[in-house]
Structures are given as structure tokens and as C-alpha cells.
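The values are calculated or read from the model by the stated rules, or taken from the named source; none is laboratory data. Computed from a prediction, not measured in an experiment: that's the story for all the values here. Don't worry about glycine lacking a Cβ; one is built from the backbone with ideal geometry, like all the others, and counts go over all protein chains shown. Side chains are part of the model used for accessible areas, which takes the heavy atoms of the whole protein and leaves out ligands, DNA and RNA. Shrake-Rupley method; radii C 1.70, N 1.55, O 1.52, S 1.80 Å.
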Amino acid sequence: MATISLCMIVKNEEAMLDRCLSCVADLVDEIIIADTGSTDKTREIAAKYTDKIHHFDWVDDFGAARNFSFSHATKEWILWLDADDYLREIDRENLKKLKTLLTPDLDAVFCQYNYIYDSAGKCTAYFDRERLVKNDGKPRWIGVIHECMEIRGPTMRSDFEICHGRVHINTGRNVKIFERMLKDKREFSPRDMFYFGKELNEIGRIQDAQVWFEKFLAQPGGWMEDKIYACYCLGTSYKGEAALHALFRSFLYDAPRPNICCAMGDRFLESEKYQIAAYWYRLAFTAPAGGGFILPEFSGYIPAMQLVLCHSYMGDMARAEEYNEVAAQFKPDDVSIEHNRKFFADSKRCKKCCL
């Protein structure tokens with residue numbers, strides 16, 4: 001059975017760290033903690049699980065911090081987690097099974113990362129991420145922020161999943177790191193350009209985000225899924241024809257994604273072109289999700305609810321009611337669905353009264 005080192009970088013994670021370590025400690029063979037300057041009880045909590053706690057002087061470089069933690073690993077494989085990650089019991093069992101399947105010819109294992117949830121606890125955004133890598137003793141991480149690993153050989157995808165356990169709040173920290181990179185005249189990779197645009201977009205600096213998305217799209221490099229998502233961000237921030245041009249631009253890279261289809265529908269809905277809008281919303285049900293950030297609601301609930309609007313505006317209340325029930329298959333307890341049901345029932349009663 002393969003041996004695993006768990007490597008983490010942490011700072012002031014007393015609220016989250018115990019849950020993370022408690023769900024994985026018995027599944028790994030050693031735990032490496034790189035602390036970047038905690039002032040709370042983080043180190044005290046970590047000490048309950050390991051004596052391999054190292055200090056790393058923070059230098060605004062997540063890749064460097066992760067490589068530092070990896071450098072202390074002594075086992076055959078390295079698993080990395082953040083303090084707000086955790087494993088459910090089914091995923092603990094799947095990780096146990098995975099340890100018996102790891103072979104020397106593999107370089108890395110990808111798994112699903114469940115990142116955002118709705119109020120009912122259903123995952124609404126997830127993506128695959130490299131989580132286990134063979135310990136070859138060399139630096140793996142590249143990138144100052146939104147870092148990724150260099151994968152050099154064969155990979156596999158596992159059925160164990162990792163859950164993100166904290167509500168994501170963009171504090172602007174990452175933007176500040178990118179802005180220091182600019183000030184220091186550091187070279188931006190295509191990946192840096194994309195994520196700078198994404199971070200700016202999330203904190204509401206829309207025009208600045210547009211500039212960086214356009215710079216990213218003008219580069220020959222960059223991941224296809226990031227190119228498509230950049231087009232989506234531009235298509236939902238530009239106005240008029242510019243928005244449509246940005247969304248159509250995504251077709252240069254691959255088939256339209258569900259979120260692209262819904263954004264196309266939104267643009268035509270705004271201009272009261274309901275038939276065209278309905279076409280794009282219907283396409284969202286069957287559009288390929290792609291290999292990037294997966295947003296299941298754009299393949300079901302969102303287009304269904306938008307089709308309720310389209311058919312209502314077109315006067316086809318029967319179809320509108322049908323799509324409301326389609327939406328209910330994805331969110332049966334949604335208050336908007338119940339509101340629509342009451343509206344349709346009231347409309348039928350009024351029609352009967354007028355006969």
C-alpha cells in the first residue's frame with residue numbers, strides 16, 4: 001500500500017484546522033504543516049496531530065510556500081489540502097481504496113473539488129484538481145497566486161472528493177499581490193492575466209477586469225477553459241452588441257458551455273427577442289459542461305426558470321408552467337417555483353371566471 005504525506009500551508013486557521021486534520025489524519029502516514037505566521041491557536045491545534053510544524057516567512061508567493069511544505073515530505077506520495085477542506089465519510093473510504101491502487105508509473109491523481117453550495121447544501125460549483133502527486137523530491141508548484149502544479153507523467157482521476165468548507169469572500173488580498181507584481185515589473189503569464197482579471201471582476205472593478213481579460217485573450221497561450229470563461233465574464237459585463245461578440249468569441253475555442261448559452265439567452269431576453277432567447281436557454285440543457293469550473297445550475301435550474309419567463313412573455317402559459325416543473329426537478333423547495341405555481345393557478349381560475 002502506498003504511503004502518503006499530507007502537506008499544508010496555514011495561517012490563523014484555528015476555526016477550521018481541527019475539522020480538516022481530524023477527517024484525514026488516520027489516512028496519511030505523516031502530516032507536514034507550513035505555518036506562514038499564525039497569531040492564533042493554529043500551531044497548537046496542529047500539534048495535536050503532528051510534530052512536523054515548520055515556519056515559512058511569507059513572501060506573497062503561494063507557490064513558494066507550497067513547495068516549502070512539499071520539501072519536507074518523506075513518503076511516496078503527497079496529498080495537499082487547505083485548512084478549510086474536509087472529507088466526507090464516503091470520500092474517506094474512497095481515499096483508503098485509492099491507496100491500494102497507486103502505482104509507480106503514475107505521476108498525479110485528480111479528484112473533484114466541491115467548492116460552492118446553495119442554502120440546501122447542494123454543490124453548485126465544482127472542478128477537478130490535482131490533489132495527490134508522486135513525491136519526486138523536486139519543486140512542483142508554479143505561480144505566485146492561483147498556483148498550479150507541473151504534472152510530468154501519466155495521471156488518473158479518482159472518485160474521492162474534497163469539500164470546501166468555508167464561504168468564499170473576496171477580500172481583495174489576491175488583487176494586492178497581483179498589483180505588487182505589476183509594481184515590481186514582474187512578468188505575467190497568461191494564467192496570471194486571466195486570474196488577475198477574474199479577481200478584479202469579483203471585487204467589482206469591472207473595467208479593469210475587462211482590460212486584463214482582453215490581454216489574456218490576445219495571448220497565444222492559456223488554457224482553453226480559461227479562455228472560454230474570460231469570454232463569459234466579458235459577455236456578462238459588456239453592453240449591447242459588444243456583449244454578444246464576446247460570447248460568440250468563446251466558440252473559437254470549443255462548443256458553447258451552459259453558462260455561455262444562458263448568457264446569450266439573457267442578452268436576447270433583454271432586447272425582448274424571446275424566441276431567440278428561448279433557443280439559447282434550451283441549448284443550455286444539453287451543452288457540454290467542459291473541463292473547467294462546472295456550474296450545474298446553468299444546465300438545469302437557471303435555463304428552466306428563464307424559459308418560464310420567455311414563454312410567459314410570449315403568452316404561452318402552458319409551456320411556461322411546464323418549464324416551472326422542470327426547474328422544480330432541480331430545486332423542489334425553491335420559493336420562486338412555489339410563487340410561479342400560485343401565479344399559474346390564479347391565472348387559470350381567472351380565466352374560468354371570465355368564461
| query | Check Ile294: other-chain or 5+ apart residues with amide H under 5 Å from its amide H, H built from backbone geometry? | reply | Tyr126, Phe127
| note | Scalar couplings 3J(HN,Hα) for the range 100-112 by Karplus 6.51 cos²θ - 1.76 cosθ + 1.60 (θ = phi - 60°), nearest whole Hz, x for Gly and Pro, are 8, 9, 5, 10, x, 6, 7, 10, 7, 10, 9, 8, 6
| query | Hey, got a sec? Which GluC sites (Glu not before Pro) in the range 271-351 land in a DSSP loop and have at most 16 other Cβ atoms within 10 Å? | reply | Glu272
| request: Answer with a single label: of (1) 78, 55, 43; (2) 60, 54, 42; (3) 80, 46, 42, which was calculated as Cα extents along the principal axes in Å from the structure in view? | output: (3)
| query | Can you flag which of Lys41/Lys134; Lys273/Lys342; Lys75/Lys99; Lys96/Lys134; Lys176/Lys239 are past 24 Å Cα-Cα? | reply | Lys41/Lys134; Lys273/Lys342; Lys176/Lys239
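Quick one: plug the Kirkwood hydrodynamic radius of the range 190-317 (C-alpha pairs) into Stokes-Einstein at 25 °C, 0.890 mPa s, and report D in µm²/s. Can you show the working numbers first?
Details: Rh = 14.9 Å.
Using the Kirkwood radius from Cα pairs, D works out to 165 µm²/s.
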| request: Tally the DSSP beta bridges in the chain and give the antiparallel ones as a percent, rounded to 5. | output: 45 percent
| said: From the phi angles alone, apply the Karplus equation (6.51, -1.76, 1.60; θ = phi - 60°) to the range 117-131 and give each ³J(HN,Hα) in whole Hz, x where the residue is Gly or Pro. | reply: 10, 8, 5, 8, x, 7, 5, 10, 7, 8, 7, 7, 9, 5, 10
| query | In percent, how large is the relative contact order of the range 69-135, given Cα pairs closer than 8 Å and 6 or more residues apart? | reply | 41 percent
| remark: In deg cm²/dmol, rounded to the nearest 500, the helical mean residue ellipticity at 222 nm of the chain, built from -39500 (n - 2.57) for every DSSP H run of length 4 or more, is -14000 deg cm²/dmol
| task | Tabulate in residue order the Karplus-calculated ³J(HN,Hα) for the range 5-13, using 6.51 cos²θ - 1.76 cosθ + 1.60 with θ = phi - 60°, rounded to whole Hz; enter x for Gly and Pro. | result | 9, 8, 10, 9, 10, 9, 7, 6, 10
| message | Using the basic label-point model (7 angstrom from Cα toward the beta carbon), what is the Asp254 to Lys122 distance in nanometres? | response | 2.4 nm
| message | Heavy atoms of the protein only, probe of 1.4 Å, neighbouring chains included. What is the accessible area of Lys198 in Å², nearest 10? | response | 50 Å²
| remark: Counting sequence-distant residues (5 or more places) and residues on other chains, those with an amide H built under 5 Å from that of Ile116 are Thr124, Ala125
